[in-house]
Amino acid sequence: MPEKYLIVGLGNPGTKYESTRHNVGFAVIDELARRYSLGSGRTVKRAQTWDGRIGAKRVKLAKPLTFMNRSGESLRQLTDYFDLALDNLLVIHDDLDTPFGSLRLRWNGGHGGQNGLRSIVRHLGSSDFARLRFGIGRPPGRMNPVDYVLQTFRGDEAIRADELTARAADAIEVWLSDGLDRAMTLFNGDAAGAGKRDSKPDLREQLLVFQRAHELAPADPKPLTKLIALQKKFGQIDEAVANHLKLARLYEASEHGKLAIAEKTKAVTIHPNLVEAQREIAEWHLAQENRKKAVSRYLILARHLRDSGDVEASADVVDLALAINPQHPKALDMSRSLQEAIVSNTLE
């Protein structure tokens, strides 16, 4: 019988905790379930679980539903129920001491004050398992860490969190296929620095493999997703951006609008001069009745246009934001400053 691997993401159940810093573990599990089409899962031992394969490995994904501080209760029941060796366990959790934008994979260690991890160590009676720390950074000023971890990611932070979620899923795939040391070498650190110690010829070979796989199956998003990640490692940024947009079109064709917008968002994060894509993202959020995200996206576009010297176009975009929320303070401030700049340019 093949070995089983258990991948557990920590968080709190319920819509009020979605997209918070404390729920990044849940987000990574959701990303893996989506990538491998594992469906909606089922409830086992007070956890939402999924069964499937990632590469050649038989895996079980889990999100404990016992709330963060009691994560160990569910996890102990899962390891007993599945008769799982701790060598094959990986826990994903938020980490205040790891900078936002960075990942840290490691074996063993303390809980570092993370209450979900503290509960797991207590109930398992051991800290001998792999963990993936998803960096959220320290709270600003004198903010209480409890309040900070329960805040949602907003604006550009939300975009970066989505990127890091995808990188965390990539890291888990490598952990499963090549082991912890390999995953640590490739992914420990921030997105810009990770992977620098890797063997270039080996990665180059992988790049060619996924390029060919995409050519053979152009409608399959999986090779394209892998290809994008490798292109970024090699600094092929323009090619990666073009493929983010290509992947978005694939998702649109299969009526996966949310996934399409996520890819467009990744593209414009790298190249904010993709004005049409910026507008499409804002319009999609507005169609979903998410006025806050629509306004936020219009303001991101407006700042880019302003910084590029197109003040009038920037003012037009701010007007779109104000049409959605006429009292938005940042939009009002930007509108006033842009109008002053337009008048000043006219007088000159």
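Summary table below
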quantity: Condition met for GLU289 (on the phi > 0 side of the Ramachandran plot and in the same structural domain as ARG249 (by TED's automatic domain parsing)); calculated: yes
quantity: Residue within the stretch 93-114 that is assigned to a helix (DSSP H, G or I), over 30 Å from ALA294 (Cβ atoms) and in contact (Cβ under 8 Å) with a residue 12 or more places away in the chain present; calculated: no
quantity: THR43 being more than 22 Å from the chain's Cα centre (by Cα), surrounded by fewer than 18 Cβ atoms within 10 Å (Cβ to Cβ) and either under 30 Å from ALA260 (Cα atoms) or of a type in the set (D, E, K, R) (or both); calculated: yes
quantity: Cross-chain or 6+ apart pairs with Cβ under 6 Å, the stretch 1-22 first and in the same structural domain as ALA62 (by TED's automatic domain parsing), then surrounded by 20 or more Cβ atoms within 10 Å (Cβ to Cβ) and among the small types (Gly, Ala, Ser); calculated: VAL8/ALA62; GLY9/GLY25; LEU10/GLY25; LEU10/SER71; LEU10/GLY116; GLY11/GLY25
quantity: Whichever residue in the stretch 240-273 is touching a residue at least 12 places away in the same chain (Cβ under 8 Å) and part of a loop (DSSP other than H, G, I, E, B) and, among such residues, is surrounded by the fewest Cβ atoms within 10 Å (Cβ to Cβ); calculated: ASN273
quantity: Condition met for ALA287 (surrounded by 14 or more Cβ atoms within 10 Å (Cβ to Cβ), under 28 Å from the mean Cα position of the chain (by Cα) and closer than 21 Å to ALA158 by Cβ); calculated: no
quantity: Residue, surrounded by the fewest Cβ atoms within 10 Å (Cβ to Cβ), within the stretch 215-233, restricted to residues that are in contact with a Pro (Cβ under 9 Å, 6 or more places away or on another chain) and closer than 17 Å to TYR36 by Cα; calculated: ALA217
quantity: Pairs where the first residue, in the stretch 308-325, is more than 19 Å from TRP284 (Cβ to Cβ) and the second is charged (D, E, K, R) and at pLDDT 90 or above, C-beta under 7 Å, 6+ apart; calculated: SER314/ARG306
quantity: Cβ-Cβ under 6 Å pairs, at least 6 apart or on other chains, the stretch 208-237 side at negative phi, far side aromatic (Phe, Trp, Tyr); calculated: PRO223/PHE210; LYS226/PHE210; LEU227/PHE210
quantity: First in the stretch 29-51 and more than 12 Å from PRO64 (Cα to Cα), second anywhere and in a helix (DSSP H, G or I) and β-branched (Val, Ile, Thr), Cβ under 6 Å, 6 or more apart; calculated: GLU31/THR165
quantity: Selected residue (only one of THR269, THR346, THR265 is out of contact with any Leu (no Cβ under 7 Å at 6 or more places or on another chain), over 19 Å from GLU157 (Cα atoms) and modelled with pLDDT under 95); calculated: THR346
quantity: Any hit, the stretch 248-269, residues being of a type in the set (A, V, I, L, M, F, W, C) and more than 22 Å from ALA219 (Cβ to Cβ); calculated: yes
quantity: Residue within the stretch 24-31 that is under 15 Å from ILE120 (Cα atoms), modelled with pLDDT of 90 or more, part of a helix (DSSP H, G or I) and not basic (Lys, Arg) present; calculated: yes
quantity: Selection count where residues are assigned to a helix (DSSP H, G or I), crowded, with 16+ Cβ neighbours inside 10 Å and out of contact with any strand residue (DSSP E or B) (no Cβ under 6 Å at 6 or more places or on another chain), scope the stretch 115-156; calculated: 9
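The values are calculated or read from the model by the stated rules, or taken from the named source; none is laboratory data. Treat the numbers as computed from the prediction; the structure is a model and nothing was measured. Note: ideal-geometry Cβ built from the backbone for every residue, glycine included; neighbour counts use all protein chains shown.
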